[in-house]
Each structure stands twice: as structure tokens, then as C-alpha cells.
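Asker: My structure is below; once you've seen it, I'll send some questions.
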Amino acid sequence: MASVSTQPQFRYTQPPSKVLHLRNLPWECIEEELIELGKPFGKVVNTKCNVGANRNQAFIEFSDINQAIAMISYYASSSEPAQVRGKTVYLQYSNRQEIVNNKTAADVAGNVLLVTIEGADARLVSIDVLHLVFSAFGFVHKITTFEKTAGFQALVQFSDQETATSAKDALDGRSIPSYLLPGNLGPCTLKITYSGHSDLSVKFQSHRSRDYTNPYLPVAQSAMEGNGQSVMGLDGKRLEAESNVLLASIENMQYAVTLDVLHMVFSSFGPIQKIAMFDKNGGLQALVQYPDVQTAIVAKEALEGHCIYDGGFCKLHLSYSRHTDLSIKVNNDRSRDYTMPTAPPPVMNVQPSVSGQQQAPMSGPPSQQYNTAQYAPSNNNQNFIPQSQAGWGPAPPAPHPMQQQQQQQQQQQQRMHHNPYMPPGTMPPQGGPGMMQYPGHIHQ
């Protein structure tokens, strides 16, 4: 039975319009029901439903104003009011001539998807898992995650609308495969709509946001220190965000380590752009900048845990820095920018002996840049400098300068002939006795 109301079904204060305003609709009214209501009077070209605080109002737009007038006139003279789901609907002309902004951002296809993860453990789904799921449909540019009243959500940006639509159609309403989730997580279902964004703004690589188009973007400190949600790999282990800048911490500082010592060690793997040394937590640390991430990865893997000097002295511990471009304001003994044309070539100074006396400095050509592919780790003992020659023993009496220079040249020639890693026709970089000379000579 139709509901009865004392409200007038029509208001005649508005001038005619091809857009009609409908009131007293069921709050769950859908667009198809509005089209069906107006179909007998003409072509409905647009609708807008669930309007108002109670979501019980709507607008319908006809292709011609006479069709709207016909609908109003019919129900004004009919004994049967307009009804939707048994409720009397009140009609009037709208004060607008067309419906604008009918579709929400969720209805307009775009290249960015709004993903809602449903489930008791939804907020524990890592950004890396989301990347694995969505990258199956194309290159994912950016991902950001956040929590709203609707739950744990993510914005996933693709390069184009077609790729995003393909991912949405395939994944909407589906659950994340259980083999991608840690064993203690329950089912997590994806609800996907389109976002109004077209290009996400990601300022830091972190456990909350990721820009896969910019490998040089700084890494948020929370991602490195594990504050909040850790970045996890498929094996459940925490991943370290890679960078072209390495943070070197040096322990067991029995001998001084200078800027030129660091340059000689790290330049064996590629050109060094900048180095900055500083004291922190009672020890020496340094930032070493390479031109690209891959070179830094190779250097880190080769040097991590190795010692600059024999006997376990000056041990290197390396991690990736959140920096991508160091700011060097002045070249001195603690910082240097090798990309500046006025930057002096690295000069190697001999480190003090065990007795603490400073020997005469040795100068030589800048450290030779080598192709790191030739420095594969080798277990052949003949590639290592014998301890009797390379170890830090008691300091002998200082020889005559001319004698000392001749001895140095002889030692260099011997190393060149016996070292299979030296490029033909080159001289090895000069360093202090007992110092690591090449990647093949790194001391454990």
C-alpha cells in the first residue's frame, strides 16, 4: 500500500526546466529506477541520486524541456502519484538547467586506483605485497598507503587508464593470494575504485609510500630504522632501501683513516663523486657518493666487513644512506667534491706506524679507476701480499730519501708483475704499508 503524506506533490514556484527535482525517495534508490520512472515521458539523459543529508533526493534530466513538462503535467492531473518502491515521490522543476558533476571520481576511469584492503589484518599488508599484486598487470609508477575511516587504503598509479582498468577488473573483490602474505595473516580482500588523482606526490621512499620511477628519491629514516611498519621481502626478512650514497662506519681505529685512504679504497669500484667524513657516536663515519646505485651496490657487497689494514684494523661496516646528493661546500681534509674542476687529485699519505711516529708522506698518481668485473673474489693465496711485507711490524730505521724512493719503485714493480688483477701498463695506487691495495686483496 502506498504511503500517504500531507506534503504537496508539486511546487509551482520554479519556472520550467528539463531537470526535475525528486524528493521523498527511498535512500537505496538507484539510477535505473529513476530512468524507469521518467522513460514514459521522454529520454532521460542524466541522473543524480542519493542527494541530501538523508540521501532521499534525486535529479533527472530529459533531453528536451517539453518532456519534463509532460511528466510534471501528467502527475499533477493523475490520481496516482509517482512512486518508487511503494513510496510517494514529490516532483518539481529544478532551478538548474542541466545536471553537472553527476559522476564521482570513483566512476570516472583514470590511471590511479583507490584500493581498500578489507580484513582483520589488512593494515599489516606491506607495500611490497601490493606492488607484487598490481605489477602483474603493468608497470606500477607509485604507491601510497594510508588509514581512513573506510579502513586501510592505498593509491596505486599506473602509466595509463587502460592498464589501471585491466587491474581493477581483474582484482576488484578478489583476495590477496595467501602465499604472498606472512603465515599469521588472515584473508585480505581488495575493493577497488578509480581515484580522482592522476599523479601521486611521493617525497620519500618509505614503508608508506614508494616511487618506482625515481631510484634517487631520499629514503625516509623510518624505513631504515624500522619505525612503524618494516619493509619486508618475500622471505620475511627486512629489506634495505638501496642508494647511490654509502654510509661507512669504521671500527677498531688503530690507525688514522684519511679522506684519500677512503677515496683509494672505494674508487676501485667506480668513480667517486663526493666524500664527507664526520665523527659520530665516538667513531669515524663517512658518506661516499657514487654516480649510480648499481656501483654503490657492488662496492657495498665487496667491502662490507673487510678491513683497510692487516690485523683486523679499521674494519668497514657499510649501509645505504638516505641521501642521494651530498652538499660539499668546501674541499678540505674532511670533505671533497671530485666533480668540481678545481678539486685537487687525491694524494695518498702514509699512516703512522705502531709507535705513533709519522713517516714521510708519499705522493703518487691518483687512484686508478678499474672495471669491477675483474675483481672477483679469489682464494688463490698468491694474490695476497705476504704478511712479512704487508704487516704492521716494528718501524725500521728511516732510510735515506733516495733509498726510500728506489725501494718503493721496486715494490710497485713486484706487485704489478705478481698481481693478476692489474690492467696492463698501469701502476698500482700508492698507499701505506699493510693497506688494502685492491679488491682482490681485501683483508678479512
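The values are calculated or read from the model by the stated rules, or taken from the named source; none is laboratory data. These numbers were taken from a predicted model, which means no experiment stands behind them. Note that each Cβ is placed from the backbone with ideal geometry, even for glycine, and that neighbours are counted across all protein chains shown. These accessible areas exclude ligands, DNA and RNA; they are computed on the full protein's heavy atoms, side chains included. Shrake-Rupley method; radii C 1.70, N 1.55, O 1.52, S 1.80 Å.
Asker: What pairs can you find where one residue is in the range 162-191 and closer than 15 Å to His131 by Cα and at pLDDT below 90, the other is in a helix (DSSP H, G or I) and open to solvent by 40 Å² or more (accessible area, probe 1.4 Å), and their Cβ atoms are less than 8 Å apart, with a gap of 6+ or different chains?
Answerer: Listed by first residue and then by second, the contacts come to Leu180/Leu132.
Asker: Looking at Ser126, is it among the small types (Gly, Ala, Ser), open to solvent by less than 50 Å² (accessible area, probe 1.4 Å) and out of contact with any strand residue (DSSP E or B) (no Cβ under 8 Å at 6 or more places or on another chain)?
Answerer: no
Asker: Go through (1) open to solvent by 50 Å² or more (accessible area, probe 1.4 Å); (2) more than 30 Å from Asp128 (Cα to Cα) and name the single condition Asp325 misses.
Answerer: Here Asp325 meets the rest and fails (2).
Asker: Shifting gears a bit: Scanning the range 129-154 for residues that are among the hydroxyl-bearing types (Ser, Thr, Tyr) and over 14 Å from the mean Cα position of the chain (by Cα), which turns out surrounded by the fewest Cβ atoms within 10 Å (Cβ to Cβ)? Even if it seems obvious, please write down each step before you answer.
Answerer: Step one: list which residues in the range 129-154 are among the hydroxyl-bearing types (Ser, Thr, Tyr), which gives 135, 144-145, 149.
Now drop any that are not over 14 Å from the mean Cα position of the chain (by Cα), which leaves 135, 149.
Numbers: Ser135: 15, Thr149: 4.
The extreme case among them is Thr149.
Asker: Please go through (1) within 16 Å of the chain's Cα centre (by Cα); (2) within 28 Å of Asn281 (Cα to Cα); (3) at pLDDT 85 or above; (4) of a type in the set (D, E, K, R) for Glu240 and return the number of the only condition it doesn't satisfy.
Answerer: Every listed condition holds for Glu240 apart from (3).
Asker: Can you find even one residue in the range 61-84 that is exposed (fewer than 15 other Cβ atoms within 10 Å of the Cβ), on the phi > 0 side of the Ramachandran plot and not basic (Lys, Arg)?
Answerer: No, the range 61-84 contains no residue that is exposed (fewer than 15 other Cβ atoms within 10 Å of the Cβ), on the phi > 0 side of the Ramachandran plot and not basic (Lys, Arg).
Asker: Separate question: Residue pairs, Cβ under 8 Å, 6 or more apart or interchain, first in the range 286-304 and more than 15 Å from Thr339 (Cβ to Cβ), second open to solvent by 50 Å² or more (accessible area, probe 1.4 Å) and hydroxyl-bearing (Ser, Thr, Tyr). List them.
Answerer: Hits for this filter: Val293/Tyr216.
Asker: Which of the residues belonging to the range 283-317 are modelled with pLDDT under 90, of a type in the set (Val, Ile, Thr) and surrounded by 21 or more Cβ atoms within 10 Å (Cβ to Cβ)?
Answerer: Ile308
Asker: Take the residues of the range 203-225 that are open to solvent by 70 Å² or more (accessible area, probe 1.4 Å) and under 8 Å from the mean Cα position of the chain (by Cα): which is modelled with the lowest pLDDT?
Answerer: My answer is Pro215.
Asker: For residues that are free of Cβ contacts under 8 Å to residues at least 24 places away in the same chain and open to solvent by 40 Å² or more (accessible area, probe 1.4 Å), scanning just the range 41-50, find the one that is farthest from Arg85 (Cα to Cα).
Answerer: For the range 41-50, the residue satisfying everything is Val45.
Asker: Hey, another quick one. As an exercise: evaluate Ser230 against (1) surrounded by 12 or more Cβ atoms within 10 Å (Cβ to Cβ); (2) in a loop (DSSP other than H, G, I, E, B); (3) modelled with pLDDT of 85 or more and give the number of the one condition it does not meet.
Answerer: (3)
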